[in-house]
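Report on the following structure.
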Amino acid sequence: MKNGKKHAVFRGLATVTNDSDIKLNISTCHASMITGHDISSRVSSNKQVIEEIFENQQYHPVSGWGNNEYGSRFKDPGRWSTRDFSYSSKDFFEPPLPPGWKWASTWTIDKSQFVDTNGWAYGPDYQSFKWPPNSPKSGTKSARDAVRRRRWIRTRQQVDEGVTSNQNFLDTIVCPGCSTILPWRSTFWDSNQCLRIRPSSDHSQTSYAWGRPVSIEKDSLSLDQSTLSRQSSTKHGNKTPISPLRLDQLEKKDLLWCCPGSTGRLFWLSVGTDASVLQTDLNAPVYDWKISATSPLRLENRLPCSAEFKIWERLRDGKDIERQHGFVSSRGTVHIYSADIRNQIYVMLFVQGGWVMEKDPVLILDMACGNHVSSFWMLHQQRKRRLRVSIERDLGGTAAAPKTIRFFVPYWINNTSFLSLAYRVVEIEPLESGDVDSLLISKAVKSAKSASRYPSTSEVGRQVGMRRNIQVLEAIEDTSPTPSMLSPQDYFGRGGVMLFSSRNDMYLSPRVGIAVAIRNSENFSPGVSLLELEKKQRIDVRAFHSDGTYYKLSAVLHMTSDRTKVVHFQPQTMFINRVGCSICMRQYDTQSQEWLHPAEPPKHFGWQSGKDELLMLRMDGYQWSAPFGVGSEGLMSICLRSELGSDQINLSVEVRGGTKTSRYEVIFRPSSFSSPYRIENRSFFLPIQFRQVNGSKDSWRSLLPNAAAAFSWEDLGRERYLELLIDGNDPMTSQKYDIDEIKDHHPVQVAGGRKTGLRVTIIREEKVNVVKISDWMPENEAPTLLNRSVSSVQQISESVSQLQPSAFVSDSEFHLILEVAELGLSIVDHTPEEILYLSLRNFLLSYSTGLGAGISRLKIRMGGIQVDNQLPLTPMPVLFRPQRIGEETDYMLKLTITQQSSGSLDLCIYPYIGFQGPENTAFLINIHEPIIWRLHGLIQQANISRIFDSKTTSVSVDPIIQIGVLIISEVRFKVTMAMSPTQRPVGVLGFWASLMTALGNTENMPVRINQRFQENVCMRHSVLVGNAMSNIKKDILSQPLQLLSGVDILGNASSALGHMSKGVAALSMDKKFIQSRQRQDNKGVEDFGDVIREGGGALAKGLFRGVTGILTKPLEGAKASGVEGFVQGVGKGLIGAAAQPVSGVLDLLSKTTEGANAMRMKIASAIASEDQLLRRRLPRVISGDNLLRPYDDYKAQGQVILQLAESGSFFVQVDLFKVRGKFALTDAYEEHFALPKGRIILVTHRRVILLQQPSNLIAQKKFNHARDPCSVLWDVRWDDLVTMELTHGKKDPPNAPPSRVILYLHSKSLDTRDQIRIIKCNRDSNQSFEVYSAIEQARSTYGPTQSMALLKRKVTKPYSPTIDAVIPKGGYVLSPQQMPSSVSLSSTLGAVNSD
């Protein structure tokens, strides 16, 4: 199952996999071909022959080396010839392949003779040229050499007759890591086929015969080699054959495979067969076999550096033979093919960096006796260090299974601190209690203290919380960037006691540790216990200089494998300057300074012993900051005061962890507005002061009533509590708060005077903790939240008045007024294309606060609102706007909200909410179906829902809403909707698509939301929203008769008849008739003339195709499929004779109702206000480069001209049909120019077009670019344009600029009119230069010389009519047509409302 669907996979039941690192030749053959042959045969039964062909060239003094194009017609041979020139040709020829042979390689150049790097041999002439060349000078051209030759060779191989005569046999080459499927017939019980394997000899000098399995003693050898019985090695020979691998008798086993080579070398493989049972309903199990071939022995280097190895094999007579020599990279693997694993295998290892084996080659594999070693010693030639390298073996399940030998050491030491370090392996004093956990607890208690102090220089050896070093076990020099290796299993402690209970690296000793120091320093840190480091994964240490200064490092333990642990020494803290100017740092109470520049990489900081680990900062022109610590994560704000005046700046200091290169990063940045905390003083009359606890007197910050301030910690080393003090009170009365805890704290009373106080509440908003400080009076506080709920406006007023002191008078009013004459918002989707334009006129936004008694007021007023549908070719260019009836008022919409502060998180008080709409008018909503799908696609692409998914941990989840007076005026709508099934994505509505097409058209459907007047509303927020939605639904559904009166009967009837005609046409099974009907259906009907032309044409076409189909369909079927096709054609002809005329009649009825509806809409549009169809402005232009630019009205007019341009379909000299918008959906507008005689030259990203304005001699109307479509005279694509020329016209005055642009075209016709196009520009102007430049710029940007991506790009418009579409997962894709549907004159593309 996949994605809810069943998938069936057909393949063979046996797979051969190449798990080696070389190419293998895999073949199957009949068992009789192998029986009786000895595997020791070193010559392959297949014969190979090398074919050759020679390439000849001559030297010409002018042109250099070249070919004789005429071949053997003259004295010299052609380019290609035989060795003795008996045949030559200018074209390459290949010797024919004899029957029973196959090519075993490709044509390659022979470079085995005395030739140059390209295979050429040189000579004075062809007559004296002998091959092969016998002199080393033949590979170098001399002054007298005039010809040269080189040899091309290709190998052909004789194919066995049994293989060539049966297609069920396999012969292929399998690359490393690949597999091949065996023929399904080869695994049948009676196939008698065997599998043959050998190395491929494509690029090897040694050819190998087909291998066969050999026997091995005790095939039942298991993984536990201690149970191996010691058998005599004389019981088997090196090449004792066993039965071949029969494919009809497969079983789970491992085979040792031997392939003899032509040079006497043996090539060994391990071939394993395994099977898995397939889940079937059959009674007998079905096995899926897998045959894998790999090397019998592999070496894995788990050391940190590469190594050179030599593999030795000890024969039965005691003689050692070197079998393989090579290199293996760090963490790499090498395959061993030349060693017989039945004998003892030895290895010599030379590790990079000067490590050699201390003794002779070690025994790594002994299958007979199991005497192989588990480790061996290596010696460093310069440092005289000894290192024990451990060996791990994976011997597989059987003796013939592939073996893996791994070399590793228990520990690496890796230095990533950018410092030169030295290490010592030390014995550390044991814990008296023996409990390691007590050490962890004591260290945790000490690290909780702020600004911990280090010991003096004389006490370097004993740091707090660390154990003393007893003795040095080994000194190790840093070998960065190569890690240092360590094997501590053999260390002896003081008194000769073994520190490790076992040499197995799994048992760690708590008394072995690693001490570190700066190179050439003797002040080593206390040792880091390896056992403690494994438990904690990270321990901080100090690397001391000889002068007592130190750097803080972190020892981190990582695992590179199951056996090797890596101790990384990395910086504990790195400092990064992102302020933009240099920063000076120094340790508190010291004099040494260190500058940190902006362009520097992350930097260390050296600390001095015996001083507090506190930092101070300074910049040029500023004093030193207060000391602060960087020992824990968080965000701080550091204040720097000017040296001259009272100016100060704040720097943001972020300490963050979790980085790969260090434990902490300290980043200095300029102070930003964002901070992790915000302090809000919501008190009406009490100013406060705040700071971090234990700060200096200068760290107090003041906060006035009704004000807020961002807050960050001053020092991460101090306690993280906020200290609050009411201004004027004794500092001893300040209170501390944990502002990281979301909590509502107990009120704090103000000392003296009125019994008032402050309530402190901490809430979470986004990523900021907000500390809200509000007034509190104990005698007036309600006991519970529900007691605040009141049932009248008077009770609300009384409750609020109790929160305020009687003598309080607000003097901190704030007013914000924003007034805009016209505000426009353009909405562009991902296409990109402008789809909507929102226009607000006389927009007023007013906000006032501090009006007394905690009152705030918001007013929004607008004189006009309109939303335009900016999609071209739409019959409804205005989506939403008010209907203008009577005189205009001062405002169209007005919203007023008054809010009163309650001092509580779970109570919101609104004394007044009012919404007033237009009187005696309604809002018009005109929806054309394509805009719905465009908005749906925009929402999917923009993922707007993520904006509302913000998480908050605010205390009040569902507050109580109290509204004194709620007034909502009556709002009326008139909804008009037009369905467009040809522009609808296929499948998005499913079953409802046909129903929506038949009944979805509406016209001025009245929808009314009744007036609301409520007093003393008090309910939860969720209940209030639910009630509002319920009331709106009741208002809409309570008007069924009014809703039915808006149904467009003619429009729905036309759509229904059109769908019926489409279904009947599909029954005819005539593709040409269906496609012709679809093209005709895309053409609109504007009047009764179109009804006669389109409807009558559909009827005539249906009758004609139906009658003629009776004769044509059988003939077409017979031509395609003979007698069977003739019979099918007769059936199709009879069905078409009945279905196609019916479809034509239904089309006539559909076009008739559509024409009647169009005439009715024209009459209604003439009677009603005409400006209802006018946009505020034309759609925005987005050129072919998809870049958004400022709105340009001139270019918008040009885009409308392009979209309305129509092209005629001529019959002889009569223009029968006109298709508007020929290039509307394929071309992107670039530029246009008005030419003399009413012509327009228009440049798109695909072509240049010449247009002619319509002539209005009778109506005497001025040309309107938004209503009058221009005719296309000609268009030239960039592919057809050769070049351009500026010339003068016949009537151009002397010395005047050129007035004509000539376009030269690609054309096969000899007629001059088909080869050029002339653009006649205005005289005495630079218009010709402008036209030339515009065409040249568009052609250079989008022409054929540019990338294929730009050349093939189409400006696809998803609103175009759709014939077929593909619905992807989670969305839909609309497939545009090149020819859009015709647009009625009533559906203006860009009529603009100019008021």
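The values are calculated or read from the model by the stated rules, or taken from the named source; none is laboratory data. All values derive from a computational prediction rather than experimental measurement. Don't worry about glycine lacking a Cβ; one is built from the backbone with ideal geometry, like all the others, and counts go over all protein chains shown. All accessible areas refer to the heavy atoms of the entire protein, side chains included, with ligands and DNA or RNA removed. Shrake-Rupley method; radii C 1.70, N 1.55, O 1.52, S 1.80 Å.
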Odd one out for residue 131, checked against (1) touching a residue at least 24 places away in the same chain (Cβ under 8 Å); (2) open to solvent by 50 Å² or more (accessible area, probe 1.4 Å); (3) of a type in the set (Phe, Trp, Tyr): (2)
Condition broken by residue 464, with the remaining ones in (1) open to solvent by 70 Å² or more (accessible area, probe 1.4 Å); (2) at pLDDT below 55; (3) in contact with an Asp or Glu (Cβ under 8 Å, 6 or more places away or on another chain) satisfied: (3)
Given (1) of a type in the set (A, V, I, L, M, F, W, C); (2) over 23 Å from residue 563 (Cβ atoms); (3) part of a strand (DSSP E or B), number of the condition residue 334 does not satisfy: (2)
Members of the range 545-559 found to be surrounded by fewer than 16 Cβ atoms within 10 Å (Cβ to Cβ) and of a type in the set (S, T, N, Q), listed by number: 546
The range 386-402, residues that are assigned to a strand (DSSP E or B) and within 16 Å of residue 273 (Cα to Cα): none
Meets criteria (open to solvent by 40 Å² or more (accessible area, probe 1.4 Å) and part of a loop (DSSP other than H, G, I, E, B)) for residue 674: yes
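Give the residues of the range 1200-1229 that are small (Gly, Ala, Ser), at pLDDT below 85 and under 20 Å from residue 834 (Cα atoms), sorted by residue number. Spell out the reasoning first.
Pass one, the range 1200-1229, residues small (Gly, Ala, Ser): 1205, 1207-1209, 1221, 1224, 1228.
Right, trim to at pLDDT below 85 and you get 1207-1209, 1221, 1224.
If the condition is that a residue be small (Gly, Ala, Ser), at pLDDT below 85 and under 20 Å from residue 834 (Cα atoms), then 1221, 1224 are the ones that fit.
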Some residue of the range 643-652 being open to solvent by 30 Å² or more (accessible area, probe 1.4 Å), out of contact with any strand residue (DSSP E or B) (no Cβ under 6 Å at 6 or more places or on another chain) and in contact (Cβ under 8 Å) with a residue 24 or more places away in the chain: no
Any hit, the range 1246-1256, residues being of a type in the set (A, V, I, L, M, F, W, C) and exposed (fewer than 15 other Cβ atoms within 10 Å of the Cβ): no
Flag if residue 665 is open to solvent by less than 30 Å² (accessible area, probe 1.4 Å) and either free of Cβ contacts under 8 Å to residues at least 60 places away in the same chain or in contact with a strand residue (DSSP E or B) (Cβ under 8 Å, 6 or more places away or on another chain) (or both): yes
Scope the range 271-280; condition modelled with pLDDT of 90 or more and either surrounded by fewer than 17 Cβ atoms within 10 Å (Cβ to Cβ) or in contact with a Gly (Cβ under 7 Å, 6 or more places away or on another chain) (or both); matching residues: 274
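Results for (1) in contact with a Pro (Cβ under 8 Å, 6 or more places away or on another chain); (2) under 28 Å from residue 914 (Cβ atoms); (3) open to solvent by less than 30 Å² (accessible area, probe 1.4 Å); (4) touching a residue at least 40 places away in the same chain (Cβ under 8 Å), shown as yes or no for each residue.
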{"residue": "813", "(1), (2), (3), (4)": "no, yes, no, no"}
{"residue": "817", "(1), (2), (3), (4)": "no, yes, no, no"}
{"residue": "820", "(1), (2), (3), (4)": "no, yes, no, no"}
{"residue": "825", "(1), (2), (3), (4)": "no, yes, no, no"}
{"residue": "828", "(1), (2), (3), (4)": "no, no, no, yes"}
{"residue": "836", "(1), (2), (3), (4)": "no, no, yes, yes"}
{"residue": "847", "(1), (2), (3), (4)": "no, yes, no, no"}
{"residue": "851", "(1), (2), (3), (4)": "no, yes, no, yes"}
{"residue": "857", "(1), (2), (3), (4)": "no, yes, no, yes"}
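May I ask you to verify whether residue 99 is open to solvent by 60 Å² or more (accessible area, probe 1.4 Å), out of contact with any Lys or Arg (no Cβ under 8 Å at 6 or more places or on another chain) and in a loop (DSSP other than H, G, I, E, B)? Give the derivation first.
Numbers: open to solvent by 60 Å² or more (accessible area, probe 1.4 Å): yes; out of contact with any Lys or Arg (no Cβ under 8 Å at 6 or more places or on another chain): yes; in a loop (DSSP other than H, G, I, E, B): yes.
Against the criterion (open to solvent by 60 Å² or more (accessible area, probe 1.4 Å), out of contact with any Lys or Arg (no Cβ under 8 Å at 6 or more places or on another chain) and in a loop (DSSP other than H, G, I, E, B)), residue 99 qualifies.
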Residue 528 among the β-branched types (Val, Ile, Thr), in contact with a strand residue (DSSP E or B) (Cβ under 8 Å, 6 or more places away or on another chain), at pLDDT 90 or above and closer than 13 Å to residue 568 by Cβ: no
Close pairs (7 angstrom Cβ cut-off, 6 or more residues apart or separate chains): within 21 Å of residue 331 (Cα to Cα) and without any contact (Cβ under 8 Å) to a residue 60 or more places away in the chain in the range 557-574, crowded, with 16+ Cβ neighbours inside 10 Å and of a type in the set (Lys, Arg) anywhere: 557/565; 559/565
Top-ranked residue in the range 281-307 [being among the charged types (D, E, K, R) and surrounded by 14 or more Cβ atoms within 10 Å (Cβ to Cβ); ranked as farthest from residue 348 (Cα to Cα)]: 288
Per-region count, the range 508-544, residues open to solvent by 10 Å² or more (accessible area, probe 1.4 Å) and not aliphatic (A, V, I, L, M): 15
Segments classed as strands (runs of 3 or more DSSP E), wholly inside the range 967-1075, with at least 2 members that are at pLDDT below 85, open to solvent by 40 Å² or more (accessible area, probe 1.4 Å) and of a type in the set (S, T, N, Q): none
Residue count for the range 397-428, restricted to those that are touching a Lys or Arg at 6+ places or on another chain (Cβ under 9 Å), open to solvent by 10 Å² or more (accessible area, probe 1.4 Å) and of a type in the set (D, E, K, R): 1
Some residue of the range 707-715 being of a type in the set (Phe, Trp, Tyr), under 20 Å from residue 628 (Cβ atoms) and open to solvent by less than 40 Å² (accessible area, probe 1.4 Å): yes
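Would you mind stating whether residue 658 is closer than 26 Å to residue 414 by Cβ and open to solvent by 40 Å² or more (accessible area, probe 1.4 Å)? Lay out the reasoning, then the answer.
Numbers: closer than 26 Å to residue 414 by Cβ: yes; open to solvent by 40 Å² or more (accessible area, probe 1.4 Å): yes.
Yes; evaluated as a whole, the condition is true for this residue.
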Only listed residue being out of contact with any strand residue (DSSP E or B) (no Cβ under 9 Å at 6 or more places or on another chain) and free of Cβ contacts under 8 Å to residues at least 12 places away in the same chain, chosen from 96, 136: 96
Search result, residues across the range 299-319 that are in a strand (DSSP E or B) and touching a residue at least 40 places away in the same chain (Cβ under 8 Å): 299, 300, 301, 307, 308, 309, 310, 312
Members of the range 111-164 found to be among the hydrophobic types (A, V, I, L, M, F, W, C) and either under 14 Å from residue 54 (Cα atoms) or not in a loop (DSSP other than H, G, I, E, B) (or both), listed by number: 115, 120, 121, 129, 131, 147, 152, 153, 163
